[in-house]
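Read the structure below first, then the notes.
The values are calculated or read from the model by the stated rules, or taken from the named source; none is laboratory data. Bear in mind that the values here come from a model prediction, so they are computed numbers and not experimental data. Counting neighbours? That spans all protein chains shown, and the Cβs are built from the backbone with ideal geometry, glycine included.
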Amino acid sequence: MQLVIKEKNKLRINRVIDWLIYMVGYTVIFIFVTSFFKSIYIDTNHTYLWSILIVLIIYILNKTIKPVLITLTIPITGITLGLFYPCINLFILKLVDWFLGKHFQLENIYIALFVAILLSIMNMIMEKIIKTIIKKVKKYG
């Protein structure tokens, strides 16, 4: 399996590896947050299954709905100097909460906002890692 794929004269990371990088990052954040805060509930029957499902849904929403939301909210994000960006992640988290019903619940909006901010930071870190990998492959490969 190739790490980096050339597509339309542009290098991009393999989708499977991209998916794995984000899954690990999201999972670490949810393990961290659920161990410290009790206002985030993940169903205790098959906890790992529900955690993987939560992370999978967040990843799919980040790749499909989030770009549209970012485009639609450019004016308000610009006015707030980027402080509105975590609210998009908060919206996605609440959407996952709505999809999964009683299996995943965000009971405290402030903790959910904290998780959204952590997800925003994690997304920036993961993008930086992916860009670094692509640059190294471009330089040496």
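Listed by first and then second residue, the pairs with beta-carbon distance under 6 Å, at least 6 apart or on different chains, first residue in region 66-80 and of a type in the set (Val, Ile, Thr), second in a helix (DSSP H, G or I), are Thr77/Tyr85.
Taking the condition buried (at least 17 other Cβ atoms within 10 Å of the Cβ) and either under 13 Å from the mean Cα position of the chain (by Cα) or aliphatic (A, V, I, L, M) (or both), does Ile117 pass?
Numbers: buried (at least 17 other Cβ atoms within 10 Å of the Cβ): no; either under 13 Å from the mean Cα position of the chain (by Cα) or aliphatic (A, V, I, L, M) (or both): yes.
Against the criterion (buried (at least 17 other Cβ atoms within 10 Å of the Cβ) and either under 13 Å from the mean Cα position of the chain (by Cα) or aliphatic (A, V, I, L, M) (or both)), Ile117 does not qualify.
Of the numbered criteria (1) surrounded by 16 or more Cβ atoms within 10 Å (Cβ to Cβ); (2) modelled with pLDDT of 80 or more, the one Ile13 fails is (2).
Condition (residue is more than 16 Å from the chain's Cα centre (by Cα), in contact (Cβ under 8 Å) with a residue 24 or more places away in the chain and surrounded by 12 or more Cβ atoms within 10 Å (Cβ to Cβ)) applied to region 125-135: is it met by at least one residue? Within region 125-135 (the criterion being more than 16 Å from the chain's Cα centre (by Cα), in contact (Cβ under 8 Å) with a residue 24 or more places away in the chain and surrounded by 12 or more Cβ atoms within 10 Å (Cβ to Cβ)), the answer is yes, since at least one residue qualifies.
Could you check region 79-90 and list, in sequence order, the residues that are more than 12 Å from the chain's Cα centre (by Cα) and either part of a helix (DSSP H, G or I) or aromatic (Phe, Trp, Tyr) (or both)?
So the first thing to find is which residues in region 79-90 are more than 12 Å from the chain's Cα centre (by Cα), and the list is 79-85, 87.
Matches in region 79-90: Ile79, Phe84, Tyr85, Cys87.
The residue of region 65-94 that is nearest to Ser51 (Cα to Cα), among those that are surrounded by 10 or more Cβ atoms within 10 Å (Cβ to Cβ) and among the polar types (S, T, N, Q), is Asn89. Evaluate the following for Thr34: is it outside any helix (DSSP H, G or I) and of a type in the set (S, T, N, Q)? So Thr34 fails the test.
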